Every structure is written in structure tokens, then in C-alpha cells.
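This report refers to the structure that appears directly beneath it.
The values are calculated or read from the model by the stated rules, or taken from the named source; none is laboratory data. Keep in mind it's a predicted model, so treat the numbers as computed, not measured. Cβ coordinates were reconstructed from backbone atoms using ideal geometry, including for glycine residues, and neighbour counts include every protein chain displayed. These area figures cover heavy atoms from the full protein model, side chains too; ligands, DNA and RNA do not enter into them. Shrake-Rupley method; radii C 1.70, N 1.55, O 1.52, S 1.80 Å.
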Amino acid sequence: DAEDYLCRARAAGVHASPSAAMGILERIKEIELEMSRTQKNKATEYHLGQLKAKLAKLRTQLLEPQGKSAGAGDGFEVVKYGNARVALIGFPSVGKSTLLTELTGTESEAAAYEFTTLTCIPGVIHYNGAKIQLLDLPGIIEGASQGKGRGRQVIAVSKTADLIMMVLDGAKDNVLRHREILTAELESVGLRLNQRPPDVYFRKKKTGGLTFTATCKLTHIDEKMAYQILHEYKIHNCELLIREDITVDQLIDVLEAPSRKYVRCLYVFNKVDMLSIEELDALARQPNTAVISCRMKLGLDQLLARMWEEMALVRVYTKPPKGRPDFEEPVILSSERGGMTVGNFCKQVHASLLRTLAYANVWGASAKHTPQRVGAQHVLEDEDVVSLVKSKDADKEELRGRFSTTKRNDPDRIADRVRKEKLKT
């Protein structure tokens, strides 16, 4: 593990010592061993909560770069393009590259041996008027969260995705076990699949001590355990308001908020043409699942429709004040990229539109009547038509500055300005 850590650090241009990586990994293993040996009961729940907090802190430290950077290395990330980003994650030789080629037309090398893809290969899907970037990432193995293979770089890229498609080999006997392994690897580095952030308000303070408030009955955590976890993070002055029944892990996620990412995940079972009808039916009934066959080109259209549904993209058409709507190029909105309000729609069209907006006329499912006059906070729905109306003072705002029509009495030269008298002391 230490040699692999050094290789990845040198590739990224970072000078790191093996003792730093080995020290964190050894402490992680010690805590995991202690947690496995500890019985779960009322007497040990506070001790287990502290161990979970220590484990989360160490895993966060393991993801941070060690030492100083020595310059740019070989890039692994690609520039964001389009309206959404989807990442393909899975074990080697499950059909990720073939799926990328079938959906986007981008040629990604595919072969019968493992680790054919060694870097990130992007492609673009044109679907429902939207441009969706699809990333073919190298295969990861068990232990990727600790740096095995190129696991850490793959997981770092997947954190920037709006949707993760976990590609699995449906023809293997232990395919559900593979799904559990990959899910555990992603969750150990801060990715929360198909979950929502807990309804908890947390704010640090400079003074005042710890303020703990719960608006519902808590069955997994109490005030004493929350104090112990906060002290483990060296937080002694804060305000904590819990509005739902959360677990210890969810409280730790709130404290580790910058390093946590909640993302949708779609489990894609490939090679289902090698299964029986009963086995295929059992897989297809799993939650958040799609079944396909890249070799036989089965289920690809259903996969695109399911991908669109999971990302919850919204198409909004523009309409001039005295013209017809433009149904050729919609404006794509999503909750992950700014929201689905009229204000975000204005930002997508032009940055200055929101400042000069008076109101908007909306036709479609979000309107109570057609057309409905709405403001910037109105939430749009799929295939709405929007016509923006500028305020009356918009033209005056644009003429201010260099082309101002108002007469100014300021002197033209600096020497002509009247100097203020000195203060009498």
C-alpha cells in the first residue's frame, strides 16, 4: 500500500513519505479491528460512536494530499461539458467501454483482458435536446478507497458526476456481492448513493458552549453521544438542531459536510442475454436497477430513459415577447446545477437578464393558468415555455456609466477639484 501511495503521489507531482500513508492506514486497520471485536450493546454504543468518528477523520486525512506539490502531473480529470455528467464505475471487464461506444459513438478500446481502459475517456449523449457527458473510467478493485489500482483517482472523478452508473456483470454468480463491495468502497470515501442529506442544522460558534436541540424522538443517538462525537472533532462551541431520527453515521456526515457528496446511482446489469428468464426477472426487480446487453443491444433505449428520469432534468423552451416558441434548442435545468427556478433560467440564457427582469410569462405544467405571470422564484417543470419581460428601467441601467445621459458637475481635471480643509487639532 505504501509503494502504491508513493507511485500515485509522484504521478500527481506530490512529495509524500511512506510513513505518513502507512501510519494512517495502520490506524484505520486498528480501529476497524477494534470495532469488529466490540460487542454492540447499550454499554458500548458510546465507545463505538467515538471509534466511528475517529475512523471518519482518518479516512478524510487519507484523501487529502500530503506534502507540497512539485508541479502539474498527468491529468486524469476531463473538462465538464454539456448539461449533465454521468460516470461509469465497475469492476474490470464488465462492459463499460462497450456501453460508452454504443451510447455515444466514441471509440473506447475494448478487449477480452482486464484493465483495457487506463484513463478517463469522455463521450457525449444527445438525448431529448440535452447534451449529457458520459465518462468511461478505469475498472476499480476491492480496496480502491485505500488507493489500490487507480481507485482513488477514479472515485475523485466520480464525485463530480450528477449520476453514477455502476456497471455489473449480470452473468456472474456473486454479482450482488460485487454491488455491495463497490457500494462500500464509494461510501468509505464520502459518496452517499441514493441518499438525501439529513435534516440537521449545524453551526459553529466562538463562544457559548454546545447547544443540543431535537424536535423529534431519537432512537439511535442521544445528547451524550452527540457531545462525545463533537469533542472528538474538537468542537466545543456550536449549535446543533436535529429535525429527524438520525444515526451516528449521519451525524458524522454532517460534521464532515465538505467531503460528503450525495449522488444518485443506477445499477446497470450487463450481459443479461446469458441469463434465464427467472434470473433476469429477479435482477430487474432490484431497486434502482436497469438490465441491458451491449452485445445484443438490448435495453439501451430503456437505459437512456431511466438515466433521464434519475437525473430529473427539466427542458424549458424560450419564447420572444412577440414571436413563437423555439422548440429546437431547450434550456436544460437541474436541481444539481443551480435549481429549476426562473432566476436560474435567466442565468442560463444570459448573466444580465436576472438583473433587468420585471416578470416572466409561463405556459405549461407549472402554470396555474396560461399564461401565468411569475417572478424569479417560480419553480419550472419539464417542457414549460417561458417569455421574459424586462423592466422599464432596464434601458436606463444599460446606458449608465460611459454612455450616461445625466449631466454631471464633477470637474474634468484632478487639479480643478476642491480640496478639503485639514482637520483642526
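When only residues in region 110-132 that are modelled with pLDDT of 65 or more and open to solvent by 50 Å² or more (accessible area, probe 1.4 Å) count, which is farthest from Met311 (Cα to Cα)?
Our first condition is that a residue be modelled with pLDDT of 65 or more; within region 110-132, this holds for 119-132.
Okay, now just the ones that are also open to solvent by 50 Å² or more (accessible area, probe 1.4 Å), so 119, 122, 126-129, 131.
Numbers: Thr119: 25, Pro122: 18, His126: 15, Tyr127: 13, Asn128: 13, Gly129: 15, Lys131: 13 Å.
Here the residue is Thr119.
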Those residues of region 261-294 which are buried (at least 18 other Cβ atoms within 10 Å of the Cβ), of a type in the set (Lys, Arg) and over 20 Å from Met311 (Cβ atoms) amount to Lys271
Can you find a residue that is assigned to a helix (DSSP H, G or I), without any contact (Cβ under 8 Å) to a residue 40 or more places away in the chain and open to solvent by less than 30 Å² (accessible area, probe 1.4 Å) anywhere in region 173-182? yes
When restricted to Val316, Val385, the only residue in a strand (DSSP E or B), more than 30 Å from Lys261 (Cβ to Cβ), modelled with pLDDT of 90 or more and touching a strand residue (DSSP E or B) at 6+ places or on another chain (Cβ under 8 Å) is Val385
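Looking only at region 133-172, filter to residues that are acidic (Asp, Glu) and either part of a loop (DSSP other than H, G, I, E, B) or surrounded by fewer than 21 Cβ atoms within 10 Å (Cβ to Cβ) (or both); which one of those is modelled with the lowest pLDDT? Walk me through it before giving the result.
Filtering region 133-172 for residues acidic (Asp, Glu) gives 136, 142, 162, 169.
Okay, now just the ones that are also either part of a loop (DSSP other than H, G, I, E, B) or surrounded by fewer than 21 Cβ atoms within 10 Å (Cβ to Cβ) (or both), so 142, 162, 169.
On the way: Glu142: 63, Asp162: 90, Asp169: 89.
Only one residue tops the list, namely Glu142.
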(message) Against the condition free of Cβ contacts under 8 Å to residues at least 60 places away in the same chain and either open to solvent by less than 60 Å² (accessible area, probe 1.4 Å) or among the charged types (D, E, K, R) (or both), how does Phe202 come out, does it pass?
(response) yes
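Mind listing just one residue for me: the one in region 214-258 that is outside any loop (DSSP other than H, G, I, E, B) and over 27 Å from Lys40 (Cβ atoms) and, of those, modelled with the lowest pLDDT?
Ranking the qualifying residues of region 214-258, first place goes to Pro258.
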